[in-house]
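Visitor: Mind having a look at this structure? Questions to follow.
What follows is calculated from the coordinates using simple rules that are stated; it is not laboratory data. Please read all numbers here as calculations on a predicted model, not as lab measurements. Positions of Cβ are generated from backbone atoms using ideal geometry, with glycine treated the same way; all protein chains shown enter the neighbour counts.
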Amino acid sequence: MSETRHTRLLIIGSGPAGYTAGVYGSRAMLNPILVQGIQPGGQLTITTEVENWPGRKEVQGPDLMVEMEEHARAAGTEIIADHISDLDLSKRPFVAKGDTGTTYTADAVILATGAQAKWLGLPSEEKFKGFGVSACATCDGFFYRGQEVVVVGGGNSAVEEALFLTNFASKVTLIHRRDELRSEKILQERLLKNPKIEPLWFNELVEVYGSENPMGVEGVRTKNVKTGEITDIPCKGVFIAIGHAPSSELVKDTLETHMGGYVVTKPDSTETSIPGVFAAGDLTDYKYRQAVTSAGMGCMAALEAERFLSAEE
């Protein structure tokens, strides 16, 4: 049966930004409702070891998100397993409709729907995700010290990932469909001068292979887009760096966006182009995309929402 729920603060999304917003929103006595979405916990739920979360030398990504959810719940956030499929920001209170049939009305909204890495769509890529296949060098590069890895892509993300990985890997092979990069010139120069990086031009990744017990990558196969020749590259890590897509479908027609759909916020703020609507985490952050920065923005969003609501009173 459909019902309507009203809250002073509605948080949409359940990664580090959403759960942190829940903690701070609860401490501000806003009694927030947090709607988790289709992937509770966000991108960290498909990550294995996390070694860059302050205060934890190592923690499993899914475990960290369970702890953050429990913290938000204990602070007083009402957490609901639902997915918002429609959001009306044209008037207040704002109106969100969930797939369960529930309608949520809110005086303020924090958007924390995150972003998703773009993938190639290969079955073997899917098979080894989290077991050698990654979309985040800053998250997982540390695990490939002294080993050979490959990076797929040709833009800024791919070049930055390849350069970063030279801090750990013995060799980085950059696989690109063309013979020139789309990245900034200064990044191209750094990459081409780096003795650890070997570009493989006019090639595309066609298969990732490895062991199953224990699960792990052993190499990749690429195909030359001109000749069809297959190349076998031994490696332990595969980094897909063909970009990220912000999960902004709900608001792409109502909020100001840029850089391919990332929500625009005011300088040094989480305020969006609509008063009372705030955005935090990877939905707005096209630059850092780290769990700790997302959590920081979740804190900012909740504090700003509290000030916005207090000013109205």
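Visitor: Relative to the first principal axis of the alpha-carbon coordinates of the chain, what is the inclination of helix 156-165, with its axis defined by its Cα atoms, in degrees from 0 to 90 and to the nearest 10?
Guide: 70 degrees
Visitor: At 0.692 mPa s and 37 °C, plugging the Kirkwood radius over alpha-carbon pairs of region 192-232 into Stokes-Einstein gives what diffusion coefficient in µm²/s?
Guide: Using the Kirkwood radius from Cα pairs, D works out to 278 µm²/s.
Visitor: Moving to a separate point now. Listing ILE12, ILE230, ILE186 from the residue with the fewest other Cβ atoms within 10 Å to the one with the most, what is the order?
Guide: ILE186, ILE230, ILE12
Visitor: Let me ask another. Along the Cα→Cβ direction, 7 angstrom out, place labels at GLU189 and LYS57. What is the inter-label distance in nm?
Guide: 4.2 nm
Visitor: Testing the spin-label approximation: label points 7 Å from Cα along Cα→Cβ at ASP99 and ASP86. State their distance in nm.
Guide: For the pair ASP99/ASP86, the computed spacing is 1.6 nm.
Visitor: Still on this structure: What aspartates and glutamates could a cross-link reach from LYS185, if we take a straight Cα to Cα line under 17 Å and drop same-chain neighbours fewer than 8 places away?
Guide: Hits, sequence-local ones excluded: GLU160, GLU161.
Visitor: Using alpha carbons only, how many degrees (0 to 90, rounded to 10) separate the axis of helix 61-75 from the longest principal axis of the chain?
Guide: Taking Cα atoms only, the helix is inclined about 10 degrees.
Visitor: Based on the alpha carbon coordinates of region 1-48, what radius of gyration and maximum Cα-Cα distance (Dmax) apply, in Å?
Guide: Considering region 1-48 through its Cα atoms, Rg and Dmax are 12.2, 38 Å.
Visitor: Which GluC sites (Glu not before Pro) does region 1-94 hold that lie in a coil by DSSP with at most 15 other beta carbons within 10 Å?
Guide: Filter output for region 1-94: GLU3, GLU51, GLU58.
Visitor: Right, here's the next one. Could you pull out every residue, at least 5 positions away or on a different chain, whose amide H is within less than 5 Å of the one on ILE110? Hs are placed 1.01 Å off N in the peptide plane, and Pro or chain starts have none.
Guide: LEU10, ILE11, ILE12, PHE278
Visitor: Right, here's the next one. Give me the distance between the Cα centres of region 239-313 and region 126-143, rounded to whole Å.
Guide: Here the answer is 25 Å between Cα centres.
Visitor: Which value, in debye to the nearest 20, describes the size of the charge dipole of the chain about its Cα centre when Lys and Arg Cβ atoms bear +1, Asp and Glu Cβ atoms bear -1, and nothing else is charged?
Guide: 640 debye
Visitor: With the contact rule set at Cα under 8 Å and sequence spacing of 6 or more, what percent relative contact order holds for the chain?
Guide: RCO, the chain: 21 percent.
Visitor: Just to confirm my understanding: which cysteines in the chain have no other cysteine beta carbon less than 4.7 Å from their beta carbon?
Guide: Lone cysteines by the Cβ rule: CYS235, CYS299.
Visitor: So how compact is region 119-240: Cα radius of gyration and Dmax in angstrom?
Guide: 13.3, 43
Visitor: What is the local net charge at ASP140, summed over the other residues whose Cβ is closer than 14 Å to its Cβ (Lys, Arg +1; Asp, Glu -1)?
Guide: 0
Visitor: Show me 161-174, 290-303, 191-204 ranked by packing, highest mean number of other Cβ atoms within 10 Å first.
Guide: Result, highest mean first: 290-303, 161-174, 191-204.
Visitor: Something else about it: Counting DSSP beta bridges in region 1-149, what percent are antiparallel, to the nearest 5?
Guide: The antiparallel fraction comes to roughly 40 percent.
Visitor: What distance in nm lies between label points placed 7 Å from Cα along the C-beta direction at ASN224 and ASN167?
Guide: 3.6 nm
Visitor: What pairs from LYS118/LYS252; LYS127/LYS236; LYS57/LYS196 go past 25 Å between their alpha carbons?
Guide: Checking Cα-Cα distances, LYS57/LYS196 exceed 25 Å.
Visitor: Give me the one-decimal Kirkwood hydrodynamic radius in Å for the chain, with the sum taken over alpha-carbon pairs.
Guide: 20.6 Å is the Kirkwood radius here.
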